[in-house]
Amino acid sequence: MRKSLWLLSLFLSVILFSVSQGWAQPKPGAKPPLIAHAFAVERGLYGYIWKIYIEAEDPDGDMLRIASLVGQAGYGRYPTDWIILKPQYRKHFKGYIQWNTFSSRTSFLREWTQITFSF
């Protein structure tokens, strides 16, 4: 009984991982999204809501989400934040992404601490 249960779980795991590998692959001939414009203020005080303007285009219209990565000198990286785009914005998106500098994870953030943001 245990052996058959173990074999079944192994089989299902192999199937699940082999199928999911194809999901992450881009379609042949697909064009990646392009960031047309992006800017933000360079400095801010603790408690400041940091707004980052982004304009992105995807000729194929299959831009599903935007990943934002924040790194802080002396602390490391914060978890990746995924912004899911509604269907009407998957071909062309422009707007603001905001990062609140007064969250519980940034309670020790001093003025002018170096922060890097990428997406």
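Key figures
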| read-out | value |
| --- | --- |
| Odd one out for HIS37 among (1) at pLDDT below 80; (2) of a type outside the set (D, E, K, R); (3) exposed (fewer than 11 other Cβ atoms within 10 Å of the Cβ) | (1) |
| Number of positions in the range 50-92 that are loosely packed, with under 14 Cβ neighbours inside 10 Å and in a helix (DSSP H, G or I) | 2 |
| Residue tally, condition modelled with pLDDT of 80 or more and small (Gly, Ala, Ser), over the range 65-98 | 3 |
| Index of the failed condition, PRO32 passing every other in (1) under 16 Å from the mean Cα position of the chain (by Cα); (2) assigned to a strand (DSSP E or B); (3) modelled with pLDDT of 80 or more | (2) |
| All positions within the range 99-117 that are at pLDDT 65 or above and surrounded by 11 or more Cβ atoms within 10 Å (Cβ to Cβ) | TRP99, ASN100, THR101, ILE115, PHE117 |
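The values are calculated or read from the model by the stated rules, or taken from the named source; none is laboratory data. Small disclaimer: the values here were computed from a predicted structure and weren't measured. Neighbour counts are summed over all protein chains in view; Cβ atoms, including those assigned to glycine, are modelled from backbone coordinates with ideal geometry.
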